[in-house]
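K.L.:
Sending over a structure as structure tokens; questions will come in a sec.
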Amino acid sequence: MPKIPAARLTEIGEALLIAAGAPAAEAEIVMRHCTNANLAGHDSHGI
């Protein structure tokens with residue numbers, strides 16, 4: 001399994017959400033929360 005730094009993962013996720021039509025501000029919030037949840041040990045969101 002490759003390891004991606006949290007900041008880079010957030011950037012990638014934001015870009016994907018924006019490409020899917022999400023507003024940039026919302027994409028940033030969603031990915032920040034998903035990344036932080038994963039770093040806290042909550043792996044249920046597939047990050």
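No lab work stands behind these numbers, since they all come straight from the coordinates. The structure presented is a predicted model; accordingly, all values stated were derived computationally and were not measured.
K.L.:
Of the listed values [x] 25, 14, 8; [y] 18, 11, 9; [z] 33, 12, 8, identify the label whose number matches semi-axes √(5λ) of the Cα gyration tensor in Å calculated from this model.
P.N.:
Label of the calculated value: [y].
K.L.:
Can you give me the relative contact order of the chain as a percent, contacts being Cα pairs under 8 Å and 6 or more apart?
P.N.:
Relative CO of the chain lands at 30 percent.
K.L.:
Compute the length gained on full extension between Ile18 and Arg32: take 0.36 nm times their separation in residues and subtract their Cα-Cα distance, giving the result in nm to one decimal.
P.N.:
3.6 nm
K.L.:
Cα axis of helix 24-39 to longest principal axis of the chain: angle in degrees, 0 to 90, nearest 10?
P.N.:
10
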